[in-house]
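Okay, structure first, notes after.
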Amino acid sequence: MSSTDFAQRLVQALGPDTVATAEQDIAPWLSDWRGLYNGRAQAVVRPRRTEEVATCLALCQQAGVPVVPRGGNTGLCGGATPDQGAANVVLSLDRMNAVRGIDTIANTLVAEAGCILGNLRRAAQDAGRLLPLSLAAEDSSQIGGNVATNAGGVNVVRYGMARELVLGLEAVLPTGEVFHGLRTLRKDNTGYDLKQLLIGSEGTLGVITAVALRLFPRADVRSVVLAAVESPAQALRLFELLYAKCGARLQAFEYFSGDCLDLVLTHAEGVQEPFGQRYPAYVLVELADSADDAALNALLESVIGQALEDELCLDAVVSASLAQLQGLWKLREEISEAQRADGPHLKHDVSLPIERIPDFMASAQARLQAQFSGIRPFIFGHFGDGNLHYNLSRPAGAPRDWAATQGAAITDAVLDEVNRYGGSISAEHGIGQLKRDHFLHSKDPLELRLMREIKRLVDPAGIMNPGKLL
Ligand SMILES: Cc1cc2nc3c(=O)[nH]c(=O)nc-3n(C[C@H](O)[C@H](O)[C@H](O)COP(=O)(O)OP(=O)(O)OC[C@H]3O[C@@H](n4cnc5c(N)ncnc54)[C@H](O)[C@@H]3O)c2cc1C
């Protein structure tokens, strides 16, 4: 069947309002957030109901047509971008954006996959509860995309990744069958937990259409400290102390190097130098609780006092107002944008056993400087989760195409170090197209074989998001 015939079949089954086939209507759906990937498609389908997703997938499976699920398109690995095949169908969930229910006794939220994460967080807040999944792209990314990528973000140290927040989900399999797993049970030990296969599967096993999430008590009282540290090893000891003393109140433990702060102070607006002098590195710690502002501040101040005494940090500033708290967070949040303004760079989103971070950083730094003299590391991230954004900028004076010519060799070196230290080449962002080769080379052969067999079982025609992940 020609592409035109198949697209017409989709239009007949779902209606012209749901299926776009004109070139100018499809064009906005063919590239990724960073502009690194561009692809082709014969149609963009924007269903409003699970049954329409099922109809679309059943037709695609019959015709062997590849389907690329698309959420908010904030993924950083090209996972939601079609490849160059002209037959692709992009399936966007953006119209499936209803909150199906919030239960403040069971503390659950059930929502369709196309809901914007930030909207769900606000809906939970309005109901007097907290949906803790939080990331810089939360006002664009969709909950279906968050679950499909097993997103992390700034609160993982306390609440875990998306996987730990999902109680149940509904999904359409490539056959068009609906997986009815939208349960809100806390306890359900009845065999294999199949929803876990869909979480983090990056659209390669099916289309998530709705999710049931855990909610928590609101933790509106917040206290933040920015501590200066001399090394990752000192940051690690500070983390150990804070975890022991603050327990579940420890909501974020972020790290950034002094070079990152320099970048932010150079490129971002409305930011202030936090100390009278510069230090080698910083950690930003947030505590949060349901009540009692004064007690939380007192706890943080006393723990930081002890840290200074025990030489677990060099200097520290505790937020005294909401404006100051936001100002300290801004220093961390602006790093990505500041680095973008600084010029082309290589991004690596890696994780390590937390206690091995200092050794990894020393080893990777020595290797990179030996092999790629003058390379400029900008390292920051969710240190409390063992997650580093290990970003590298070109040496001063290097040509602008530095990343294109040297990038592959540099990334090989970084990821090789990550593997040597028992880490993961993708902490949060997934594999997509970007990391597929490294993933296929570094993953344990048995794990890869099992993944391929699961993929074949669930998607025998191989229509779901081909060229991504596996
Ligand atoms: C500024 C910025 C900051 C970020 N910070 C973080 C962070 O702190 N932590 C973090 O984890 N990520 C972060 N990200 C990455 C990104 O926001 C997450 O990966 C997010 O979960 C992607 O959601 P999305 O809706 O945009 O998905 P998309 O980009 O649209 O898709 C991502 C993948 O999921 C698949 N997919 C999407 N929807 C569905 C569905 N309904 N069913 C099946 N498959 C689907 C796609 O096919 C694709 O493979 C950041 C991104 C940006 C731009």
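The values are calculated or read from the model by the stated rules, or taken from the named source; none is laboratory data. Predicted, not measured: the structure shown is a model, and the values here were computed from it. Note that we place each Cβ from the backbone using ideal geometry, even for glycine, and neighbour counts take in every protein chain shown.
Details
- Check on V110, assigned by TED's automatic domain parsing to the domain that holds V207, at pLDDT 95 or above and within 30 Å of G153 (Cβ to Cβ): yes
- Within region 85-93, the presence of at least one residue that is part of a strand (DSSP E or B), within 11 Å of the ligand (Cβ to nearest atom) and farther than 18 Å from Q12 by Cβ is confirmed.
- Subset of region 308-319 [aliphatic (A, V, I, L, M) and touching a strand residue (DSSP E or B) at 6+ places or on another chain (Cβ under 7 Å)]: L308, L314, A316, V317, V318
- Of the candidates F360, F372, F380, the single residue that is closer than 19 Å to V414 by Cβ, among the aromatic types (F, W, Y) and out of contact with any Lys or Arg (no Cβ under 9 Å at 6 or more places or on another chain) is F372.
- Those helices (runs of 4 or more DSSP H) of region 111-212 in which 1 or more residues are more than 8 Å from the ligand (Cβ to nearest atom) occupy 117-126, 156-159, 162-165, 195-198.
- Of residues in region 305-335 being more than 22 Å from C260 (Cα to Cα) and part of a helix (DSSP H, G or I), the one farthest from the chain's Cα centre (by Cα): E309
- With respect to (1) within 16 Å of the ligand (Cβ to nearest atom); (2) modelled with pLDDT of 95 or more, the lone exception for R367 is condition (1).
- Residue match in region 284-293 (condition: in contact with a helix residue (DSSP H, G or I) (Cβ under 9 Å, 6 or more places away or on another chain) and of a type in the set (S, T, N, Q)): no
Residue by residue, here is whether (1) modelled with pLDDT of 95 or more; (2) crowded, with 18+ Cβ neighbours inside 10 Å; (3) under 21 Å from G430 (Cα atoms) holds:
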{"residue": "P69", "(1), (2), (3)": "yes, yes, yes"}
{"residue": "N73", "(1), (2), (3)": "yes, yes, yes"}
{"residue": "L76", "(1), (2), (3)": "no, yes, yes"}
{"residue": "T81", "(1), (2), (3)": "yes, yes, yes"}
{"residue": "R100", "(1), (2), (3)": "yes, no, no"}
{"residue": "D103", "(1), (2), (3)": "yes, no, no"}
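- When S302 is tested against (1) in a loop (DSSP other than H, G, I, E, B); (2) exposed (fewer than 14 other Cβ atoms within 10 Å of the Cβ), just one condition goes unmet, and that condition is (1).
- Meets criteria (surrounded by fewer than 18 Cβ atoms within 10 Å (Cβ to Cβ) and touching a residue at least 24 places away in the same chain (Cβ under 8 Å)) for D293: yes
- Set D193, D94: member being surrounded by fewer than 22 Cβ atoms within 10 Å (Cβ to Cβ), under 21 Å from S31 (Cα atoms) and out of contact with any Cys (no Cβ under 7 Å at 6 or more places or on another chain): D94
- Matching entry among P47, P16, P28 (being within 16 Å of the ligand (Cβ to nearest atom) and farther than 30 Å from G343 by Cβ): P47
- The condition of being aliphatic (A, V, I, L, M) and modelled with pLDDT of 95 or more holds for only one of L322, L346, L331, that being L331.
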